[in-house]
Amino acid sequence: MIKLTRRAVMMAAAASGLPSLSWAESLPTIHVVEGRGCECCKQWTNYLQEMGFQVTSEERFGTLLMQHKIDLGVPIELTSCHTGSVDGYFLEGHVPADDIRRLLRERPEALGLTVPGMPYGSPGMGPETKRDAYDVLLVRRDGTSEVFTRYPEAT
């Protein structure tokens, strides 16, 4: 299977003489605050870049990372290991790129999206072909949450 990345598309366009079209030009930059030394945080950041997003990142440790989550309105019971920010929304945990695109397209009255915990097979957490079932939750401004997307167990 060929892995289609933004870089591969840009290289193919350059080789063909076509003008370069960057998927990321139309997407806002995602800023990711990773846990210090967290490998799955880095994997999620890399995944976002492969999916065409421009990404900036920084590492924080312990209470500084938790304070960042609290400042953005991430409910403590719905946290994960890293927190992204994009266009006024938070992205907590291993949120898939398609859900981020949908969030930015639909623009719901919300604080952001979260994938609580670290479900196996979510982006950055192992192969999707062996995915555990998980939900992406939309966190409303009043602190309530609802299922935004449901990902069934891969069989």
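The values are calculated or read from the model by the stated rules, or taken from the named source; none is laboratory data. This one's a predicted model, so the numbers in the text were calculated from it and none came from an experiment. FYI the Cβ positions are ideal-geometry reconstructions off the backbone, even for glycines, and counts take in every protein chain you see.
Scan region 28-64 for residues that are among the hydrophobic types (A, V, I, L, M, F, W, C) and in contact with a Lys or Arg (Cβ under 8 Å, 6 or more places away or on another chain) and report the count. Let's see the steps before the verdict.
Filtering region 28-64 for residues among the hydrophobic types (A, V, I, L, M, F, W, C) gives 30, 32-33, 38, 40-41, 44, 48, 51, 53, 55, 61, 64.
Still in the list and also in contact with a Lys or Arg (Cβ under 8 Å, 6 or more places away or on another chain): 33, 51, 61.
Of the residues in that region, 3 qualify.
For residues in region 100-125 being part of a loop (DSSP other than H, G, I, E, B) and aliphatic (A, V, I, L, M), which is farthest from Gln54 (Cα to Cα)?
My answer is Met118.
Consider Met125 against the criteria (1) in contact with a Ser or Thr (Cβ under 9 Å, 6 or more places away or on another chain); (2) in contact (Cβ under 8 Å) with a residue 24 or more places away in the chain; (3) at negative phi: it satisfies all of them except one. Which criterion is unmet?
(1)
Need the failing condition index for Tyr134 against (1) closer than 25 Å to Gln67 by Cα; (2) buried (at least 22 other Cβ atoms within 10 Å of the Cβ), just the number.
(1)
Give region 129-155 a look and list any residue that's in contact with a Ser or Thr (Cβ under 9 Å, 6 or more places away or on another chain), of a type outside the set (D, E, K, R) and over 12 Å from Leu113 (Cα atoms), or say none.
Correct list: Tyr134, Tyr151, Ala154.
Only helices (runs of 4 or more DSSP H) wholly contained in region 1-86 count here; list those with 1 or more residues that are at pLDDT below 95 and over 27 Å from Leu137 (Cα atoms). Working first, answer last.
On the way: elements: 6-16, 39-50, 63-72.
In region 1-86, 6-16 are the helices (runs of 4 or more DSSP H) which contain 1 or more residues that are at pLDDT below 95 and over 27 Å from Leu137 (Cα atoms).
When you scan region 99-109, do you find a residue that is within 25 Å of Gly37 (Cβ to Cβ), surrounded by 18 or more Cβ atoms within 10 Å (Cβ to Cβ) and of a type in the set (A, V, I, L, M), even just one?
First, the residues of region 99-109 that are within 25 Å of Gly37 (Cβ to Cβ): 100.
Cutting the leftovers down to surrounded by 18 or more Cβ atoms within 10 Å (Cβ to Cβ) gives us 100.
Next cut, of a type in the set (A, V, I, L, M) only: 100.
Checked against the condition, which is being within 25 Å of Gly37 (Cβ to Cβ), surrounded by 18 or more Cβ atoms within 10 Å (Cβ to Cβ) and of a type in the set (A, V, I, L, M), region 99-109 yields at least one hit.
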